[in-house]
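Take a look at the structure set out below.
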Amino acid sequence: MDTNRLSDTLAKALNDQMTNEAHNAQIYLSYGAWASDKGYGGISNFLFRHSNEERNHMMKFLEYILKRGAKVVVTAIPEPGPDPINVNDCFEKVFKSEVENTTAIYKIVEMSMQEKDWATWNFMQWFVKEQTEEETMAIDMLDKVKIAGGPNANDDALYNLDKDLATTPDDATLAQDTSVTNP
Ligand code: OFO
């Protein structure tokens, strides 16, 4: 009896997305190593924590594919690409990769809608919210870097930014979570 509840097209898209999440984990991992090498312990810690988050996302896709009775295909993970040239470049790259990932997530949402696969559509909503959070987080980081001087930030400003990022929470606050009494 065939217990597979995913179409071939969606199973392929979900497997590809599992690899995308692993790729994003590698990106955060490599930028974290770069930041540590440059002496930015706080930034590095922040990026390493995010690498773990991306690996958790990878596992969510893997589990979902298994639970829907389809085949998980683990492939090679593409390289993370070159190191950033400075802290500003690092967070610009982070923002860009988050936006790319959001585009990939939206594509699967659209496919699930076309197929009327509401289980997958429902599963993907967690990622829609997560991507909004991560884009917000990247924008917040870019704002902080901008205040510190952007690409021309001096050592003092970077020192303070690094200290700040060591304690920055992992999750950004979304517009839908705010209220008049909790702006
Ligand atoms: Fe997987 O959340 Fe960002 O990319």
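Could you give me the residue pairs with C-beta distances under 9 Å whose first residue belongs to segment 97-108 and is under 10 Å from residue 127 (Cα atoms) and β-branched (Val, Ile, Thr), whose second residue is assigned to a helix (DSSP H, G or I) and near the ligand (Cβ under 8 Å from one of its atoms) wherever it lies, and which are 6+ apart or on separate chains?
102/127; 102/131; 102/134; 105/20; 105/127; 105/130; 105/131
State all residues of segment 58-99 that are away from the ligand (no atom under 15 Å from the Cβ) and hydrophobic (A, V, I, L, M, F, W, C); if no residue qualifies, say none.
Hits for segment 58-99 are 65, 66, 70, 72, 73, 74, 76, 85, 87, 90.
Looking only at residues that are small (Gly, Ala, Ser), in contact (Cβ under 8 Å) with a residue 40 or more places away in the chain and in a helix (DSSP H, G or I) in segment 136-161, which one is farthest from residue 101 (Cα to Cα)?
150
Evaluate segment 146-166: report whether one residue or more is of a type outside the set (Val, Ile, Thr), within 16 Å of the ligand (Cβ to nearest atom) and surrounded by fewer than 16 Cβ atoms within 10 Å (Cβ to Cβ).
No, segment 146-166 contains no residue that is of a type outside the set (Val, Ile, Thr), within 16 Å of the ligand (Cβ to nearest atom) and surrounded by fewer than 16 Cβ atoms within 10 Å (Cβ to Cβ).
Quick check on residue 102: is it more than 11 Å from the ligand (Cβ to nearest atom), hydroxyl-bearing (Ser, Thr, Tyr) and crowded, with 16+ Cβ neighbours inside 10 Å?
No, not satisfied.
Within segment 111-129, count every residue that is within 13 Å of the ligand (Cβ to nearest atom) and surrounded by 18 or more Cβ atoms within 10 Å (Cβ to Cβ).
2
Since every read-out is calculated from the coordinates, none of them should be taken as a lab result. No experiment lies behind these values; they were computed from the predicted model shown. Reconstructed Cβ throughout: ideal geometry from the backbone, glycine too, with neighbour counts over all protein chains shown.
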